[in-house]
Amino acid sequence: MTSSPVAKQNHLDLPQEIWWVVMQELSARTDHHSLFLCSKVSRGFATLALPLLYSISEHSKASASSAGSEVVSENLRSSVVFWRSVISSAIGKTRFPYCTWIKTLKLSDLLCLLEDIGRDAAMRAKFFSSPLEGFEVLNPRRRQGLDFDQIIATAAEKVTERIRASADAEDRVAGLLNLEGPHLPTTQLSAWLARLPMLTSLSVRDGSVLTAAVGEAIKGGCPGFKELTCYYCRGTGADDAMAGFFNALRPNALESFTVNSLNDLRDRCFTALGSHAQSLRCLELESLEQLGLESVHLIGPCPKLKRLTLEADSVVYRGSRWTNLDEAVVWLQQCPSLEEFSSIKIPLVQPFLERAIEAGNFQLKRLRVFGPCDEGLFSALEIHQKKIQSLILHTTMEDIDEEDALDTDKHQALFNLMLSLGSNLNHLVVDEPITYDEFQALFYGMFNIEILVINPYPFHDSYFQHLASLPKLKFLAITSQTDITFEQMTWFLDRLEGTEYNDNGIELPPPDHKQIAIQLNNQEYGSSFTEEEYEELQERLKSRWGGWLTVNYMGDPDELHESDFSD
């Protein structure tokens, strides 16, 4: 029955408090589309919906990077509308103060937008139309003709000014929590930070902009600051500059420090980071050079550290040297709250981790090791680490030799470790080949597995019987060579959807495979699915679970000849 206009009007006449609760729930679900529709109902609805919509803007299409065709075009249009509204409101040219509602100012997204509109004359004209004509700063040396850095700096200046002015006028605290940007100028960064007393996190591309002066600005103006992310920290002065920044902050203020790429951080930086050792909960250091790796222990005991990631650059890894390993082991033993540890191409990680866990000072929930492991480490993990839920073990091709492939002690120790963890595991990634008998023994108890990447050897359809019985499976990748037929795959999907019973004949809860992804990484080209079969499998996964299937073929002539066009 179609609702009458009167009935619709009655719905709109519900108390505003009810609609406020509804929109709060939409915001919690990051449902941008529904909030946007609410904002178009009336001015009253817009007053409720728009602040929530802009407060979750970092999760919207307007924050997505450009890539793809029609989707890209739509994302670009959304991004133009979003950034025009934010910047226009900062200079007082809009009905609503949009920029005062955002929680995260992602200036790197603005950079992506400028790069895109630099290649699209129509979108460029739209973006810089009134009232933003003055923001179109030119730089003839750039291909797109725009001075990205100056445009971004001017926009950030205006936005932070308006955020602070609005907060002062309404006698409230400015609400921006996170500032993230590509090339933030040191001379202006301190001023921006001073206007943002609610700021909790800062992300910069180049860590060299973080100086003692920036640290002082945060100390004086951002009492809740606790998270710092740098993409890289290169240069001869990077170590001293970052040390000055850490020392300038309020002691034990920092809870998370991440460096995502190349850096020259060494003893001065990590000694200064020690002034936050009591508060530090997350430490992620990638592409460490030799002196950096050998200086991490200078931070000192970190009683609250829960997540630790260490990655060495390729030169350090090939050198297989860690001169102060004993000091590093003692430091790791002094992190009793550690729950997640990731080692990526760290030299001598086996004795480092093995000796640290034998002390029994911490219990890991997640372990990821990229590099060679031996039976000593696996045995130590089996004995001392009983709570691991996520186990990821990757061995690179350069670490594999014939002796390693024939190491039955190592294989048995890994099997014993996986068997001991049993139902604890919800995430398992292993490169080591697993026989069918081992597979049977393992997966009778692993009913909590959600993510599974395995190398069953040799693969045959009997494996599917056990895989289909995993009730929470969300991601499955089979890395071994396969020749799975359409009929076998159909049988597997039938079993995924089937009803299961326990030993007493009682029906078990239905399986949860929402958005399941299945990958066959090395399917024989001679066993290719026809186009119709592949589409049928995809449609079945999509309609039942919202999932998808990916198949990579070994010996695919199209892929073999792709190198012919590499030039």
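What the table below lists for this structure:
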quantity	calculated
Odd one out for Ala213 among (1) assigned to a helix (DSSP H, G or I); (2) in contact with a Cys (Cβ under 9 Å, 6 or more places away or on another chain); (3) farther than 13 Å from Gly292 by Cβ	(2)
Among residues of the range 281-327, those that are small (Gly, Ala, Ser) and within 27 Å of the chain's Cα centre (by Cα), counted	5
Per-region count, the range 297-317, residues buried (at least 22 other Cβ atoms within 10 Å of the Cβ), modelled with pLDDT of 95 or more and part of a helix (DSSP H, G or I)	1
Among residues of the range 25-41, those that are more than 13 Å from Tyr54 (Cα to Cα) and aliphatic (A, V, I, L, M), counted	2
Residue, least open to solvent (accessible area, probe 1.4 Å), within the range 108-140, restricted to residues that are farther than 15 Å from Ile87 by Cβ and charged (D, E, K, R)	Asp116
Residue match in the range 440-448 (condition: open to solvent by less than 50 Å² (accessible area, probe 1.4 Å), over 26 Å from Phe486 (Cα atoms) and assigned to a strand (DSSP E or B))	no
Members of the range 510-550 that are under 25 Å from the mean Cα position of the chain (by Cα), in a loop (DSSP other than H, G, I, E, B) and surrounded by 15 or more Cβ atoms within 10 Å (Cβ to Cβ)	His513, Ile516, Gly547
Index of the failed condition, Met242 passing every other in (1) assigned to a strand (DSSP E or B); (2) closer than 21 Å to Glu180 by Cα	(1)
Pairs, first at positive phi in the range 508-537, second in a loop (DSSP other than H, G, I, E, B) and surrounded by fewer than 17 Cβ atoms within 10 Å (Cβ to Cβ), C-beta under 9 Å, six or more apart	Gln515/Gly546
Cβ pairs under 6 Å, 6+ apart, first in the range 340-365 and farther than 11 Å from Leu325 by Cα, second in a strand (DSSP E or B) and β-branched (Val, Ile, Thr)	Ser342/Thr309; Ser343/Val369
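The values are calculated or read from the model by the stated rules, or taken from the named source; none is laboratory data. Everything quoted here is computed from the prediction, not taken from an experiment. Every residue, glycine among them, receives a Cβ derived from its backbone with ideal geometry; neighbour counts consider all protein chains shown. The protein model used for the area step is the full one, side chains on, heavy atoms only, and it has no ligands, DNA or RNA in it. Shrake-Rupley method; radii C 1.70, N 1.55, O 1.52, S 1.80 Å.
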